Every structure is written in structure tokens, then in C-alpha cells.
Amino acid sequence: MPDRLSLANLARIPRDVARPRYDPAAVTVGILHLGLGAFHRAHQAVYTDDVLASDPRWGICGVSLKTPRAIEPLAAQDGLYSYLERTSDGVGVRVIGALRETVFAGTSRAALVARFADPAITIVSSTVTEKGYCHDPATGALNESHPDIVHDLATPDAPESAIGILVAGLAARRAASGGKLAFVCCDNLPHNGRMVEGLVQGFAQRRDASLARWIEDNVTFPSTMVDRIVPATTDADIAEAQRRLGVHDAAPVTAEPFAQWVIEDRIDATRPRWEDAGAQFVRDVAPFELMKLRLLNGSHSTLAYLGFLMGHEFVWQASRDPLIETLIERQMKEEIVPTLQRPAGMDLHAYCARLLERFGNAALPHKTRQIAMDGSQKLPQRLLGPVRDRLAAGAPLVHLPLAIAGWIRYASGSDEHGGRIDVQDPLAETFRAIVLEANGDPGPIADGFLDLASVFGADLVAHYAFREAVRKHVIALFEDGAQVTLARHLGVA
């Protein structure tokens, strides 16, 4: 085994690998980030790395909330890791030095809460995935019956949830007179800043009304839109990093060249000049957010579920399948774009064409099953939002019900050959109970899923035409398979 990537070995990295244009050891921490996964390290951390040469105050303290596995290799590498940018022409490699500290909440919770009180830290950000906020996806409200929220309200000094940790940290900051702070949510939630602000205020009010007032006066919650395709790191990525670096990197990340970060310009606290690295600060993020959630994420979910059912392991394979490609094109053009307000400076049709190119990047081994995870948390904003807008406008629903049926067919837990699907979802047990009660009958399975108000909301649960449209496709997917169902739907059978 070669030597490990570290500050001591940084000078040994070959010259064709980009290295930090600053001394990582001289960087101080100004950002606390919750959820130290691959997306953060390939997106926000790269933007931050770009500004550190001109302002070394913005090093990141990265927090893993659920497992130490995410930070153990990074801690052993002095926070350094390689960023692999993959295109059809090859791989660009760069060492990122923005991560200056790592914390595992499970063993360092008191130290983590105290870290919020440091006045040098003025930005707290997060990528904890949609399910990490313990909210009701259909309403956006705090789920007070969630086990983590129940625990944290009962034992606020030993929080387990992201919301409980955030409120505990803000309480510590108030006690230490730590000053103003901004919380920058970078997860795919509608109006994510406003939503998290509501969750925090709901929790804080239950804990201490005076704390809730202090948060209102001292913490801003700008909404954001983040965009970059970041697959899970593979053994091939680790081998590629080692070949290029000449030292072992146990924690590389890989991504496409495209990146976008749009941030609502309402941060009162001192912040990095992310705009110097290409981020956009705008008055209203909502048009950008809806564009990305519905066109990119909605299309991603559609091709993930139907692509998996058709035997495609990777997103690029699914996106190049003529049936899926045609469905995605029509779904975007006919049913999603009409629900959007064009963001300033954006051509929506050009954006759709660019998405298809990005999805088809064979250099990115993005698995359909990775996109398919946590569908109950993702569908409300990705697919059900445009469904509601079209129903409200009296517009027809043609393609979206098939995409939703694809999720139900996938979440039922077996593929078209009778093999088991490992459904990763907070409601997985509920899904299994629905399938068991239905005794495998597609119609009752569809009905059981469509009765889930936590996903569909009371309005869609009660909407007969919507239910029937989805139900018809669920039955077809079970009886005829995805290939035949899509071909018939698109008129090419």
C-alpha cells in the first residue's frame, strides 16, 4: 500500500494534478457543515476551495451525523481528498483542501453543539438528504411523531436529529453571544431555506419560546438551488485517484463538469464570496429551484425507476434507451416546462437538451438504484408538484402518472423476474405491508400506495382521475412489464 494522501505528502503530488493554491494548514474554520457526503464534497466544498486563496477564513468543519465511516478516512488524510471530474474525454483530478476539521456527532455531540458557539463560524450548511429533516413530505411541517424528534424534544441536550442538533447548537450560540449566523440548506426541498426555518422554529417553540425569538432575530435561512451529478464513489474511482496522485486516497469523489449554485441574497452574517467561484446570488431562488427539482430531479426519478425495471444498472444506460429518452423528452416539454416560470437568463428548452446530454455521460457510473432511494421523500417535490399545478390549471396528465406508477412498481419490492428489490426508504415497512395485504394483486397494491397521505397529501389521495391514471399504469407495469408499457404509452408498440 503506498503512502496515504496527507498534508505531509501534498508536495509529492504530480504536477498534472491541481493542488490547493493556499496553505491548508493556515486555513481557519468559518463553516460548519452537517452531512459530510459525496455531494457536499464535490459541490459546495469545491466552490469554497476556490475562494480560500483570497480569503483563508472559510475552512469547513464537516459533521457526519449517523456514521463515523464517512469521516474516518478524511480525518486520517488531514481532511484532504481528490475530486475527479469525469467527461467522455477523460478525467481531471484536483486535491481539495477546504475540509479542515471532521466531527462525528455520535461520539462528539457536546463538542459539536459547542462548535456552533464559535463566533468565527458564521455559516452552517447542510446536505442531510430529504429524509434527514424529519418532516412530513406532503406538508413540509415538522413530524413531531418522528422517533428522533420525540427523543430530541424529551432530551434537548442530547439531540440525534439534524433539526435537534441545529436548535441545540443555536441555543449554545445564544448563550455565548456568538452573533449572527446563516443556515444554508443545500438539499432538494421546495423553498428549502423557508422550510428549514419553519422546522427549526417549530422545534424551538416547543423547547423555549425565547430561543425561537432569538433565532428569528439572529439567523437567516436563505433558500438555495444546487446542481451537479455526483455518483457514489467506486473502487475504480479509488484506483484512478491512486494512479494519478501516486499516494492512496480512501475518500475521492467523482462528478460531472457542470455545476450550479443559486443562493437567495438574504445572508446577514459574514460569508464567503462564493460568487467569485461562480455561485449566483439572486433575489428569488424559486424559479431556479422549481426548474431543477422538476426537470432534473423529476426526470432522474422517472428514468431511475423505469430504467431499473427495464434492466438498466446505470443512469447513462437508461437515458440512452430510446423509449425512456422519448418519455423524458415529452414529459419535460409537454407537462413540466408549462408549470415553470423561466428563471432570469435561462432558456428552459436549452436546459432540457443539456440535461439529456448530462444524463448520457457514460463516464459517470451513477446507478439507477442510487437515484431510486427514498422515493417517498422525493416524489412530492419532484413529480407531485407539477401534477398539482397541471390539475389546478385543468391541463391533462399523460406522462407523469406513468412516472409515479414506475415508483410504485419499484417500491413494491420485486422486479419483473421475481427477484427482490432492496427498497431503501423510510416507509419500506409500510410498502411491504401494502404488498402483503394485497396478496400481490396490482390493483390493490396501487390503491394501497395511493392511500399514503404522507406522500400524496389528502388532495391527491382523494382525486379520482389522478388515482385512476396512476392505477392503470401500475397494473400494466405488473402485467406487461416496463418495456411493453412504455412502448404502448408512446405509441410505438
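Looking at region 49-81, which of its residues are in contact with a helix residue (DSSP H, G or I) (Cβ under 7 Å, 6 or more places away or on another chain) and assigned to a helix (DSSP H, G or I)? Asp50, Val51, listed by residue number.
I'd like the full set of residues that are surrounded by fewer than 16 Cβ atoms within 10 Å (Cβ to Cβ) and either over 23 Å from the mean Cα position of the chain (by Cα) or not assigned by TED's automatic domain parsing to the domain that holds Arg19 (or both), limited to region 78-93.
So in region 78-93, the residues surrounded by fewer than 16 Cβ atoms within 10 Å (Cβ to Cβ) come out as 87-92.
The answer is Ser88, Asp89, Gly90, Val91, Gly92.
Looking at the structure I just gave you, is Leu391 within 30 Å of Leu84 (Cα to Cα), surrounded by 16 or more Cβ atoms within 10 Å (Cβ to Cβ) and among the aliphatic types (A, V, I, L, M)? Spelling it out, it is not the case that Leu391 is within 30 Å of Leu84 (Cα to Cα), surrounded by 16 or more Cβ atoms within 10 Å (Cβ to Cβ) and among the aliphatic types (A, V, I, L, M).
If you scan region 444-456, which residues turn out to be modelled with pLDDT of 95 or more and either farther than 27 Å from Ala318 by Cβ or touching a Gly at 6+ places or on another chain (Cβ under 7 Å) (or both)? Quick ask: steps written out before the conclusion?
Kept after step one, since they are modelled with pLDDT of 95 or more, are these residues of region 444-456: 444-453, 455-456.
Of everything in region 444-456, those that are modelled with pLDDT of 95 or more and either farther than 27 Å from Ala318 by Cβ or touching a Gly at 6+ places or on another chain (Cβ under 7 Å) (or both) turn out to be Pro444, Asp447, Asp451, Ala453.
Would a scan of region 326-341 turn up a residue that is more than 26 Å from Pro287 (Cβ to Cβ), in contact with a Pro (Cβ under 7 Å, 6 or more places away or on another chain) and modelled with pLDDT of 95 or more?
Going through region 326-341, the residues more than 26 Å from Pro287 (Cβ to Cβ) turn out to be 326.
Filter again for in contact with a Pro (Cβ under 7 Å, 6 or more places away or on another chain), leaving none.
No, that holds for no residue.
A quick yes/no check of all residues on (1) at pLDDT 95 or above; (2) crowded, with 17+ Cβ neighbours inside 10 Å:
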{"residue": "Ser125", "(1), (2)": "yes, yes"}
{"residue": "Gly132", "(1), (2)": "no, yes"}
{"residue": "Leu142", "(1), (2)": "no, yes"}
{"residue": "Thr155", "(1), (2)": "no, no"}
{"residue": "Glu160", "(1), (2)": "no, yes"}
{"residue": "Ile163", "(1), (2)": "yes, yes"}
{"residue": "Arg173", "(1), (2)": "yes, yes"}
{"residue": "Asn188", "(1), (2)": "no, yes"}
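A search for C-beta distances below 6 Å between a residue of region 337-365 that is closer than 15 Å to Pro386 by Cβ and any residue that is not in a helix (DSSP H, G or I), counting only pairs 6+ apart in sequence or on different chains, returns Leu348/Arg342.
Among residues belonging to region 165-203 that are touching a Lys or Arg at 6+ places or on another chain (Cβ under 9 Å) and either among the small types (Gly, Ala, Ser) or not assigned by TED's automatic domain parsing to the domain that holds Ala117 (or both), point out the one that is farthest from Leu379 (Cα to Cα). Steps first, answer last, please.
Filtering region 165-203 down to residues touching a Lys or Arg at 6+ places or on another chain (Cβ under 9 Å) leaves 165, 167-169, 171-172, 179, 181-182, 184, 188, 193.
Filter again for either among the small types (Gly, Ala, Ser) or not assigned by TED's automatic domain parsing to the domain that holds Ala117 (or both), leaving 168-169, 171-172, 179, 182, 193.
Details: Ala168: 30, Gly169: 31, Ala171: 34, Ala172: 36, Gly179: 38, Ala182: 28, Gly193: 19 Å.
The qualifying residue farthest from Leu379 (Cα to Cα) is Gly179.
For region 226-265, filtering for residues that are out of contact with any helix residue (DSSP H, G or I) (no Cβ under 8 Å at 6 or more places or on another chain) and touching a residue at least 60 places away in the same chain (Cβ under 8 Å) leaves 9. Taken over region 9-37, the criterion of being part of a helix (DSSP H, G or I) and in contact with a helix residue (DSSP H, G or I) (Cβ under 9 Å, 6 or more places away or on another chain) is satisfied by Leu10, Arg12, Pro24. Being outside any loop (DSSP other than H, G, I, E, B), surrounded by fewer than 19 Cβ atoms within 10 Å (Cβ to Cβ) and in the same structural domain as Ile475 (by TED's automatic domain parsing) is a property that Ala353 has. Exactly one residue out of Arg488, Arg471, Arg420, Arg432 is modelled with pLDDT of 95 or more, crowded, with 20+ Cβ neighbours inside 10 Å and charged (D, E, K, R): that is Arg471. Looking only at region 394-416, decide whether some residue is aliphatic (A, V, I, L, M), free of Cβ contacts under 8 Å to residues at least 60 places away in the same chain and under 26 Å from Asn192 (Cβ atoms). Yes: region 394-416 contains one or more residues that are aliphatic (A, V, I, L, M), free of Cβ contacts under 8 Å to residues at least 60 places away in the same chain and under 26 Å from Asn192 (Cβ atoms). Against the conditions (1) more than 28 Å from the chain's Cα centre (by Cα); (2) at pLDDT below 95; (3) surrounded by 15 or more Cβ atoms within 10 Å (Cβ to Cβ), Gly440 satisfies every one except (3).
Would you tally the residues in region 329-345 being part of a loop (DSSP other than H, G, I, E, B) and within 22 Å of the chain's Cα centre (by Cα)? Residues meeting the conditions: 2. When each of Ala372, Ala318 is tested for being within 27 Å of Ala138 (Cα to Cα), modelled with pLDDT of 95 or more and aliphatic (A, V, I, L, M), the lone residue that passes is Ala372.
Of the numbered conditions (1) modelled with pLDDT of 95 or more; (2) over 28 Å from Thr430 (Cα atoms); (3) surrounded by fewer than 18 Cβ atoms within 10 Å (Cβ to Cβ); (4) out of contact with any strand residue (DSSP E or B) (no Cβ under 7 Å at 6 or more places or on another chain), Gly311 satisfies every one except a single condition; which is it? Here Gly311 meets the rest and fails (2). Among the residues of region 143-183, the ones that are outside any helix (DSSP H, G or I) and of a type in the set (Asp, Glu) come to 3 in all. Of the helices (runs of 4 or more DSSP H) entirely within region 434-480, those holding at least 3 residues that are closer than 15 Å to Leu384 by Cβ occupy 453-461, 464-480. Scanning region 1-48 for residues that are buried (at least 23 other Cβ atoms within 10 Å of the Cβ), modelled with pLDDT of 95 or more and closer than 14 Å to Leu74 by Cβ yields a total of 6.
Close contacts from region 456-474, counting a first residue that is of a type in the set (Phe, Trp, Tyr) and a second that is in a helix (DSSP H, G or I), with Cβ to Cβ under 6 Å and a gap of 6+ residues or different chains, come to Phe466/Leu460.
Report the residue count in region 82-127 for those that are of a type outside the set (S, T, N, Q) and outside any loop (DSSP other than H, G, I, E, B). Number of matching residues: 25.
The values are calculated or read from the model by the stated rules, or taken from the named source; none is laboratory data. Only a predicted model underlies this, so the values are computations on that prediction, with no experimental measurement involved. So basically every Cβ, Gly included, is an ideal-geometry build from the backbone, and we count neighbours across all protein chains shown.
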